[in-house]
Amino acid sequence: MNETLVTLVGNAATAVEFRETASGGMARFRFAVTPRRWDRVKEVWADGHTSFYTVWAWRTLAMNLTGSVAVGEPLVVHGRLKVREEELEGQRRTFVDIEAVAVGHDLTRGTAAFRRVVRGEPGLTSRYGPAPVAAGADPWAVREAPERPVAGEPVGAGGAVGGGEPAGGAEASEEVPARERTPVRRRTARQKDGAAPRKPDSDLVTA
C-alpha cells in the first residue's frame with residue numbers, strides 16, 4: 001500500500017532482454033535519465049548527471065516491450081520505485097529498479113504509430129515479426145460466402161448447386177410449379193354505394 005510511484009523520462013540504454021518464466025514473460029532493460037539545466041554563467045542548456053535504472057516488466061507488457069523498444073529511443077516509464085542493496089566482491093552496492101506499469105515513447109522527441117495486439121497472435125509482438133505467408137497466398141484474402149440455390153434450380157447431394165449429382169443416383173427433382181393465384185373478391189361501384197347488384201354473380205372479378 002505504501003508504494004512509491006514515479007514517472008521517468010529518458011532513453012533506453014540497452015536492448016530489451018526477454019525470457020519466459022513460470023509466471024509468464026519477463027523483460028528488463030537499462031534506462032538512462034539525464035536532466036537538462038540552464039547554465040547561468042555560459043547561458044546555455046547543459047546536461048546534468050545521468051542516472052541509470054533497471055526497468056522490469058512482466059507478462060503482456062514484457063512481450064510488447066520486446067517488439068517495440070530499441071536502444072537509444074526516448075521513453076516515458078511509469079512504475080514502482082524499488083531500491084535494493086547487494087554485496088558484490090566484498091563491496092556493498094545499491095541498485096535502483098523500476099517495476100514498470102506502463103511504458104511509452106516520448107512524443108516530444110518524435111512520432112510513433114500504435115498497433116493493437118490481438119491475443120493469440122504472438123507474432124505481432126515478436127522481434128522477428130509475424131509468421132511468413134506461403135508463396136502465392138493472399139494474406140488479405142477474405143473467405144467468400146457460399147452461393148445460395150436459385151428458386152427452381154435442382155440441388156445435388158450435399159447441398160451442391162447445379163452440376164452436383166442427386167443423392168442415391170435418383171434424378172434431380174423437377175421444378176415446382178408456382179402457386180396459382182386465388183381469385184380476389186372485389187366490390188363493384190354499386191355495392192360501395194349500397195345499391196343491390198344488377199347481376200347476382202357479377203361481383204366476382206378475377207385478378
Original post:
Which value in nm describes the separation of the simple spin-label points at VAL101 and VAL71, placed 7 Å from the Cα toward the beta carbon?
Top reply: 3.1
Subject >> Inter-probe distance in nm under a simple model that places probes 7 Å from Cα toward Cβ, at THR7 and THR111 >> reply: 2.4
Original post:
Over segment 1-77, what relative contact order in percent results from Cα pairs under 8 Å that are six or more residues apart?
Top reply: 40
Subject >> Loop-resident sites, segment 1-107, for trypsin sites (Lys or Arg not before Pro), counting at most 10 other Cβ within 10 Å (DSSP) >> reply: ARG40, LYS42
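No value in this document is a laboratory result; all are computed from the given coordinates. Remember, it's a predicted structure, so these values are computed and weren't measured experimentally. Glycine also receives a Cβ, built like all others from the backbone with ideal geometry; neighbour counts cover every protein chain displayed.
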